[in-house]
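Following: one structure in structure tokens, then a few remarks.
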Amino acid sequence: MDPILFSRPFHSPAEIQNVAAVLATDHVHGDGPFTASASARLKKMTGAAHALLTTSGTHALEMAVRLVGVKPGDEVILPSFTFSSGATAIVAAGGTPVFVDMELATGNIATDQIEVAITERTRAIEVMHYGGVPVDMSAVLSLAAVHDLRVIEDNAHGLAVPTPHGVLGTIGDVGIQSFHDTKNVHCGEGGAVLFGSDNLTEPAEIMREKGTNRSTFLRGQVDKYTWVDWGSSYLPSELNAAVLDAQLAAFDSIQSARFGVWNAYREELGDWAVANGVALMDPPGGVHAAHVFWLLLPTPERRDEVLANMRAEGVQATFHYVPLHSSPAGQAYGRTSGSMVNTDHFASRQLRLPLWAGMSEADIARVIATLKKS
Ligand SMILES: Cc1ncc(COP(=O)(O)O)c(C=O)c1O
């Protein structure tokens, strides 16, 4: 029997047409019509004041950290349970990542552990909405206001998830998306920075265009462009934007297919989970992005055993992040604040099930049956 892969990228027929259209023109570099169209779609879906495509979510994080003014010696607070790019972007700006514990219920940063991690060197809080389940942004925004901190949202998983504070990625000072091909919407490798308000837009445009004011020049606002600040080449080519534009156009159907898989897991595993001491992902208010479906096994040994048994049956379930506070680079570059009891518990017991838009009912049934007998 064919294996059931953990993740498969979505494909839309429009991608090929869009890419062919780009190759038939003389504008294959960045910031052409497909970049404009994809950025406009992102703004419409999220309500962002501004959206700039980038070459990856990692590069978007590098931009975000610098845009909020992180300088050598500054500290940025983030969860230990996140992707390495969240920390390496801080280190790239000369800052120190400060790791705090997580909530078991959501997989998100434990907001009640943030305040004790704040020092006079703290510049920003970088949250990550795990699986598109919203972080408690009321708590984060009020801490940021009291301590005069900036807020970065790593929203790699949660494109267009609405909350009472606004759509994820537009609530803090800067939000980022990833369009890596493991994400719900992708262009191979890609990302975006989102802004809820317009005050960082011009510095962001400069940073993304090698530190030049080329964007204002292209809009006819200055008569020549020059090097004005630190920057890099963070803009994707039109080929990536052409794929992304087609995927964003298909967003509703992608999400409906992914929610179909997620809901089937949730409904069909409920009784089994209770009987076996397993905690299923249970997002507060049912709000999430159908990006991951996770469960916590009763012990780390049982998690490893279930993973091995499922893989032996050709079902590629997996774990997720190795906590950054325990990683070699996290220990070399970062600082850990407080206990990591929840992070260690979650990371060692977590298992994620395959979840992608093209899964058939037979695939879903096989994943469920394999899990139950593992
Ligand atoms: C939470 C999170 N942030 C950032 C990234 C980095 O995104 P990219 O792979 O587009 O650089 C990832 C990648 O998987 C991620 O899961």
Subject >> Computed over the chain: relative contact order in percent, which uses C-alpha pairs under 8 Å that are six or more apart >> reply: 24
Original post:
Whose amide H sits under 5 Å from the amide H of T54, counting only residues 5 or more places off or on another chain, with H placed in the peptide plane?
Top reply: G191, A192, V193
Original post:
Which of the lysines could be linked to K43 by a straight reach, that is with a Cα gap under 22 Å, when you skip same-chain ones fewer than 8 residues away?
Top reply: K183
**OP:** Using all C-alpha to C-alpha distances in the chain, build P(r) with 10 Å bins and read off the rounded percent in each one.
**Re:** 5, 24, 32, 25, 12, 2, 0, 0
Original post:
Ranked by Cβ crowding within 10 angstrom, fewest neighbours first, how are L355, L159 ordered?
Top reply: L355, L159
Subject >> Charge dipole magnitude, Cβ of K and R +1, D and E -1 - the range 134-248, Cα centre, debye nearest 20 >> reply: 180
Original post:
Taking the alpha-carbon centroid of each part, what is the distance from the range 56-90 to the range 249-264 in angstrom?
Top reply: 30
Original post:
Relative to the first principal axis of the alpha-carbon coordinates of the chain, what is the inclination of helix 33-46, with its axis defined by its Cα atoms, in degrees from 0 to 90 and to the nearest 10?
Top reply: 60
Original post:
Summing +1 for each Lys or Arg and -1 for each Asp or Glu, what net charge is found among the other residues whose Cβ lies under 9 Å from the Cβ of H129?
Top reply: -2
Original post:
When the chain is treated as a GNM, springs tying every alpha-carbon pair under 10 Å, which of A308, A332, A60 comes out with the largest mean-square fluctuation?
Top reply: A332
Original post:
How much of the DSSP beta bridge set in the chain is antiparallel, as a percent to the nearest 5?
Top reply: 50
Subject >> In Hz, Karplus ³J(HN,Hα) per residue of the range 163-176 (6.51, -1.76, 1.60; θ = phi - 60°; x = Gly, Pro) >> reply: 9, x, 8, x, 6, 3, x, 10, 8, x, 6, 9, x, 10
**OP:** Please name whichever of I114, V70, Q221 sits farthest to the positive end of the charge dipole of the range 13-250, dipole taken about the Cα centre and charges placed at Cβ: Lys and Arg +1, Asp and Glu -1.
**Re:** Q221
Original post:
How large is the dipole of the chain about the Cα centre if only Lys and Arg carry +1 and Asp and Glu carry -1, each at its Cβ, rounded to the nearest 20 debye?
Top reply: 280
Subject >> Karplus-derived HN-Hα couplings along the range 11-23 (A = 6.51, B = -1.76, C = 1.60, θ = phi - 60°), whole Hz, x at Gly and Pro >> reply: 10, 10, x, 5, 4, 5, 4, 5, 5, 4, 5, 5, 5
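Every read-out reported here was derived from the displayed coordinates using simple, explicitly stated rules and does not represent laboratory data. As the structure is a computational prediction, the values presented were derived from the model and not from experiment. All Cβ positions, even for glycine, are placed from backbone atoms using ideal geometry, and neighbour counts span all protein chains on display.
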